1. Among the residues of region 116-127, are any in a loop (DSSP other than H, G, I, E, B), closer than 29 Å to Pro281 by Cα and in contact with a helix residue (DSSP H, G or I) (Cβ under 7 Å, 6 or more places away or on another chain)?
2. Note down all Cβ pairs under 6 Å where the first residue falls in region 402-430 and is in contact (Cβ under 8 Å) with a residue 12 or more places away in the chain and open to solvent by 10 Å² or more (accessible area, probe 1.4 Å), the second is among the acidic types (Asp, Glu) and part of a helix (DSSP H, G or I), and they're at least six residues apart or on different chains.
3. As an exercise: evaluate Val217 against (1) under 19 Å from Leu553 (Cβ atoms); (2) assigned to a helix (DSSP H, G or I) and give the number of the one condition it does not meet.
4. I'm told Glu24 meets every condition in (1) more than 26 Å from His146 (Cβ to Cβ); (2) open to solvent by 60 Å² or more (accessible area, probe 1.4 Å); (3) not hydrophobic (A, V, I, L, M, F, W, C) except one. Can you identify the failing condition by its number?
5. Test Asn382 against the stated conditions and say whether it is part of a helix (DSSP H, G or I), closer than 30 Å to Glu280 by Cβ and either open to solvent by less than 80 Å² (accessible area, probe 1.4 Å) or in contact with a helix residue (DSSP H, G or I) (Cβ under 8 Å, 6 or more places away or on another chain) (or both).
6. With the requirement that a residue be at pLDDT below 90 and closer than 11 Å to Trp205 by Cα, what does region 538-549 give you?
7. Among the listed residues Lys64, Lys40, Lys74, which satisfies the condition of being touching a Lys or Arg at 6+ places or on another chain (Cβ under 6 Å) and open to solvent by 40 Å² or more (accessible area, probe 1.4 Å)?
8. Determine, yes or no, whether Ser96 is open to solvent by 30 Å² or more (accessible area, probe 1.4 Å), of a type in the set (Gly, Ala, Ser), in a helix (DSSP H, G or I) and modelled with pLDDT of 80 or more.
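The values are calculated or read from the model by the stated rules, or taken from the named source; none is laboratory data. Remember, predicted model here, so these are calculated numbers, not experimental data. Cβ: placed from backbone, ideal geometry, glycine included. Neighbour counts: every protein chain shown. For accessibility, only protein heavy atoms count, side chains too; no ligands or nucleic acids. Shrake-Rupley method; radii C 1.70, N 1.55, O 1.52, S 1.80 Å.
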Amino acid sequence: LYHSARKRAALQRAFVKYLELKAERGLNADPLELQDEANKFVGSKVLVNWHNAIGLEGVAYPYKAFRVEQYSGKQARPWEWKAYQCRARRADVVISTPFNGNERAKLLESIILRQLDLAQLTNLGLINSVFPLDGRDKIESTIPGHLGEPSLLHERWGMIDGSNIIRKVMHFIQGIFHPVPLEEAKDYYGERIAFYFALVELICWWLIIPGLTGIAVMTAHKLMPYDPRVEKAPRLRVGLDLMYATLIAVWSTVLQERWKRRQIGLALLWGQRGINKVEEPRPRFFGIQRRSPVTYEDGELHYPTRERLKSQILSLCVLCGLAGLEYQGTIYTGKLRGAWIENDWPFHERAQQGTALLEDLQMTVCSKLGYFLAWKLNERENLRTGTEYINGLIAKVVAHELWNRFHLYFYVAFLKANREGCVITDAEGTQNLVPPEEMYGRMCQEEVSTQVTMVLCVEFAKNALELIKPLVKTHFSNWFRPAPEVIAVDEARGVARMAHFCQDSMEKPEYGASLEVDGTFGDYLELMILLGHFTLFPLVFPLAPTMGFILLLVELRVDGFKLFELVRRPLPRSAEDIGNWFYVIMAISWTSMFTNVGLVVFTLGAFDEYFGDLPRWVYFVFLAGVLSLFKVFLQIVVPDVPHCVTIAEEHSDHVRAQIDKTYAEDVPHVQEKVHLAALDLTVDDANTGQWRDPAEFGISTTRIRKRLQAIRKRRKKKAHAAAAAAFVAGAGSGAAAANTVV
């Protein structure tokens with residue numbers, strides 16, 4: 001690999017050092033740590049492991065189905081499995097386990113589901129919510145040799161203890177620039193949540209190139225303004241606009257292909273490639289019982305396809321009707337803008353900004369209404385499985401939301417000039433409504449730029465408010481929530497009973513709306529809208545990618561903080577990829593290509609002066625065709641599955657085959673029988689049970705004492721309110737008695 005003699009010599013010295021460290025510390029030493037020490041010894045990263053050498057970003061461990069008889073017992077082979085360390089109930093006792101926190105929660109849930117249908121009980125209202133309590137691995141590392149050290153999750157996403165607000169703010173800001181702890185997030189919260197953070201991180205850092213280019217293009221727009229109706233566009237600005245539009249179209253395509261390959265690589269590293277997920281019908285799914293045409297078993301629920309088709313047609317009609325109302329609202333707002341300026345109404349110089357705020361208000365109201373209607377219509381379709389339900393909800397909500405957010409830009413950029421004319425500012429700074437016949441085939445460049453800039457700034461401001469919303473909501477909900485009757489805390493020793501930790505988790509909001517729709521749905525939807533702002537119309541507001549980079553950088557930190565500190569721990573969920581959200585990214589990528597080409601050709605008129613006298617549609621078809629061929633070529637040439645993933649999968653198959661061949665004999669495992677009579681189902685009092693260390697539930701002793709002080713304040717407030725109410729009642733009765741005496 002190294003053609004330089006110096007590099008080869010350094011590699012030899014590093015490898016010798018690695019062997020010396022291996023001999024010194026034994027076979028139980030972590031090879032990656034020894035590799036890092038050997039590289040530091042020679043002062044260069046010349047020694048890499050096999051996984052990095054073939055192009056993987058991490059170690060791809062072989063995965064196989066776990067069998068308890070192969071892990072414990074007389075003939076067990078525990079060395080075959082990766083080990084995690086965790087503390088027992090006694091903090092000085094260390095347990096080695098093949099399961100991380102994510103897998104332990106999944107195992108516990110599967111054991112419960114063998115006996116109870118939690119989804120059905122929740123649907124019937126018999127269960128309020130289902131969630132795992134936090135564990136010690138939330139705040140402590142489980143890596144062998146690093147037990148007791150703070151976990152990377154706690155360092156990157158957690159908040160430091162204490163009351164110094166300045167230190168907390170500085171700690172939060174410093175965490176913005178740290179990489180996302182993907183592996184730790186996967187091990188604790190599950191693969192589905194980890195995939196979301198991986199996607200946001202990829203988009204965020206990939207926005208640097210269009211962000212820097214956007215700053216240059218925005219500077220050119222400010223230094224070289226022109227009226228496209230009567231002035232010739234500066235050659236440099238035309239070149240920059242054409243380059244920027246092409247860059248955005250190419251960037252979105254490369255981003256799509258890069259993520260497609262990266263999510264496959266992450267699925268390999270996380271053992272999610274080819275997972276078989278057998279789904280049961282949803283608890284709310286109903287139908288008629290019939291004999292299964294596949295297994296010939298009786299009792300299968302069947303819902304006629306024709307009935308579901310009727311509901312789907314109804315969904316289409318309702319959402320299209322709402323889209324039509326939104327379009328009419330946009331037209332009337334445009335007419336209001338023109339009348340405001342033409343009639344010189346008060347503040348007419350701010351008419352464009354005012355109507356842009358009105359449009360944003362319409363978007364917000366219609367967004368809430370569309371989400372509610374999509375939810376109800378999706379329920380009406382009676383989809384069979386959870387995956388079908390989520391995919392149907394994605395299709396409805398995303399289609400409406402993208403239309404709701406971006407149809408305004410399409411209308412102003414491509415249609416308004418020929419229907420109503422455009423608002424244009426003259427050399428003296430006066431705004432005028434120019435009729436369609438005086439536009440000479442030009443589009444409303446200034447107007448769409450103002451609308452996009454204003455609405456985008458408002459949207460970014462709303463997203464910034466979303467960052468502090470969880471903090472404010474948690475603070476006020478804790479302030480007005482009644483204090484628990486039993487505290488179950490020993491403040492002197494810094495310990496508490498189980499009831500206290502359960503109450504602490506119950507007071508936090510859920511991460512998501514239900515067991516079917518978790519918190520990643522809303523996070524993905526917000527990300528798709530932001531991606532649309534970055535890619536669909538950046539040419540009229542070139543700073544959109546720059547603002548997006550800053551916003552997503554902060555969003556990563558806030559989403560991690562919210563998940564770690566403010567919400568209940570969600571049930572971990574396996575995932576091989578991001579599901580249908582990838583097709584949303586693909587749709588936005590293709591749409592952005594056509595919108596940016598349309599802006600260059602029709603709105604900015606870049607081809608009118610320097611590329612001949614052909615009709616505009618010819619340039620549009622040519623440029624869109626070239627970019628389309630590039631997208632298709634890239635999708636064909638770049639394989640979906642990276643070559644390194646193929647090699648790693650073949651290697652894993654080889655390792656599994658060698659292990660199974662060496663230990664072909666199955667070890668019998670005898671399951672212990674449990675009698676129902678031995679189960680104690682009584683509910684204990686809240687202030688009973690053993691005292692537990694807060695660290696067992698991912699909480700520090702300082703947090704326990706701080707929560708205890710907050711509960712006492714709430715109790716004191718309740719006592720004062722009760723005393724005031726008693727005083728008012730007493731005064732009222734005294735006045736009544738006085739009136740009686742008189």
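1. Scanning region 116-127 turns up at least one residue that is in a loop (DSSP other than H, G, I, E, B), closer than 29 Å to Pro281 by Cα and in contact with a helix residue (DSSP H, G or I) (Cβ under 7 Å, 6 or more places away or on another chain).
2. Sorted first by the residue in region 402-430, then by its partner, the pairs are Ile424/Glu446.
3. (1)
4. (1)
5. Against the criterion (part of a helix (DSSP H, G or I), closer than 30 Å to Glu280 by Cβ and either open to solvent by less than 80 Å² (accessible area, probe 1.4 Å) or in contact with a helix residue (DSSP H, G or I) (Cβ under 8 Å, 6 or more places away or on another chain) (or both)), Asn382 does not qualify.
6. Gly548, the sole residue that qualifies.
7. Lys64
8. no
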